[in-house]
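All remarks here apply to the structure that follows.
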Amino acid sequence: MADETAELRMDPNALYREETFTDRRIGVIRVMTPVKTDGSIDLGRKILYVGEAQLLSPVGALPITFDIEATSLGDAAEKFSAGARVAVERAIRELQDLRREQSSNIVIPDRIPPDLGGRGGPRGPGRIQL
């Protein structure tokens, strides 16, 4: 087995300083400021805004993370709701797809061997004996 830790290398040309902002009600906005290896701001790359919220489900809170196309923190706060709505709709679709996929994994055999109680078995046609 190869040493997998050798692949765990940070890219020094893709570093970001992360700041977290919240209204303590709805969610969190993470401001990702690109930086150079000395920690100074890298003006050649764009500041990224990432929204975070939680979707309550029967199995607990599911984290929802989404990019916000914005030019400032205020702009990101204004666009948070629309981005969260799209991310929640996507998460619900994905959960429905997973549920549908799981329910289609039920395998019903075409023919049941006689020793398991199928046609001609000890219990008669169409009955399964375990």
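No lab work stands behind these numbers, since they all come straight from the coordinates. Computed from a predicted structure; not experimentally measured. Positions of Cβ are generated from backbone atoms using ideal geometry, with glycine treated the same way; all protein chains shown enter the neighbour counts.
With K and R counted +1 and D and E -1, the other residues having a Cβ less than 12 Å from that of Tyr49 yield a net charge of -4.
Each other residue within a Cβ distance under 13 Å of Arg90 adds +1 if Lys or Arg and -1 if Asp or Glu, for a net charge of -2. Each residue of segment 59-67 was assigned a 3J(HN,Hα) from its phi angle through the Karplus expression (A = 6.51, B = -1.76, C = 1.60, θ = phi - 60°), giving 9, x, 6, 9, x, 10, 10, 8, 7 Hz with x at Gly and Pro. Here is the P(r) of segment 9-86: all C-alpha pair distances, binned every 10 Å from 0, give 18, 43, 27, 11, 1 in whole percents. Shown in residue order for segment 78-87 are the 3J(HN,Hα) couplings computed by the Karplus curve 6.51 cos²θ - 1.76 cosθ + 1.60 at θ = phi - 60°: 5, 8, 4, 4, 5, x, 5, 4, 5, 5 Hz (x for Gly and Pro). Annotation note: GluC sites (Glu not before Pro) in segment 38-90 located in DSSP loop regions with a Cβ neighbour count of at most 16 within 10 Å are Glu69. Within segment 1-75, the trypsin sites (Lys or Arg not before Pro) that combine a DSSP coil assignment with at most 14 other C-beta atoms in a 10 angstrom radius are Arg9, Arg24, Arg25, Lys36, Lys46.
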